[in-house]
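The values are calculated or read from the model by the stated rules, or taken from the named source; none is laboratory data. Quantities reported herein were computed from a predicted structural model and do not represent experimental measurements. For neighbour counting, all protein chains shown are included, and Cβ atoms are generated from backbone atoms with ideal geometry for every residue, glycine included. These area figures cover heavy atoms from the full protein model, side chains too; ligands, DNA and RNA do not enter into them. Shrake-Rupley method; radii C 1.70, N 1.55, O 1.52, S 1.80 Å.
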Amino acid sequence: MDKQLKIYDYLDIVMQEYQQQQWFKNFQLHFFVSDIMSYLNIDNAQEIAISMNRTFDVCNTLQISKPQNFKKIYRFDGENLLIDWKISSLACYLIIINCNPTNEFVARAQLHFALNRYKNN
């Protein structure tokens, strides 16, 4: 029987890594949500909000520290003051996997994560 990637197959691994603090050793905030959304060709504020809310739900459920992975900031684009978020690598991952997969760029990013995870097992 061929190995098939199932979403629940790696949830135990995620929880083990969480418990071992593997993903949470370095809480540096490297990315901006606005940049990630731009790379994914997402400009719909509602779509971004949905992904962020799902990500916050994940953090709440798994008791992942939001202050250590998300920092609300304000950026000036030359005309307007915009709300943005500075995020960790983990937050970036969670946001991308919670984006709408009907967007081709999002689907490719999600597949990239899944294949990398699958190859490492």
(request) Name the residue, out of Asn60, Asn69, that is at pLDDT 90 or above and touching a helix residue (DSSP H, G or I) at 6+ places or on another chain (Cβ under 7 Å). (result) Asn69
(request) Kindly indicate the residue of the stretch 27-45 that is free of Cβ contacts under 8 Å to residues at least 12 places away in the same chain and farther than 14 Å from Asn103 by Cα and also least open to solvent (accessible area, probe 1.4 Å) among those meeting that condition. (result) Asp35
(message) Just to check your reading of the model, which residue among Gln22, Gln110 is part of a loop (DSSP other than H, G, I, E, B), at pLDDT below 90 and polar (S, T, N, Q)?
(response) Gln22
(request) Among the residues of the stretch 48-92, count how many are open to solvent by less than 50 Å² (accessible area, probe 1.4 Å) and of a type outside the set (A, V, I, L, M, F, W, C). (result) 6
(request) Check off (1) among the aliphatic types (A, V, I, L, M); (2) in a helix (DSSP H, G or I); (3) modelled with pLDDT under 90; (4) touching a helix residue (DSSP H, G or I) at 6+ places or on another chain (Cβ under 6 Å) for Leu5 and give me the number that stays unchecked. (result) (2)
(message) Can you tell me how many residues within the stretch 93-107 are exposed (fewer than 15 other Cβ atoms within 10 Å of the Cβ) and assigned to a helix (DSSP H, G or I)?
(response) 3
(message) Pairs please, first residue from the stretch 52-80 and over 14 Å from Phe32 (Cβ atoms), second anywhere and open to solvent by less than 100 Å² (accessible area, probe 1.4 Å) and assigned to a loop (DSSP other than H, G, I, E, B), Cβ atoms under 6 Å, 6+ apart in sequence or on different chains.
(response) Arg54/Asn98; Thr55/Asn98; Gln68/Phe27
(request) Please give the number of the condition Arg117 fails out of (1) under 23 Å from His30 (Cβ atoms); (2) open to solvent by 90 Å² or more (accessible area, probe 1.4 Å); (3) basic (Lys, Arg); (4) modelled with pLDDT under 90. (result) (2)
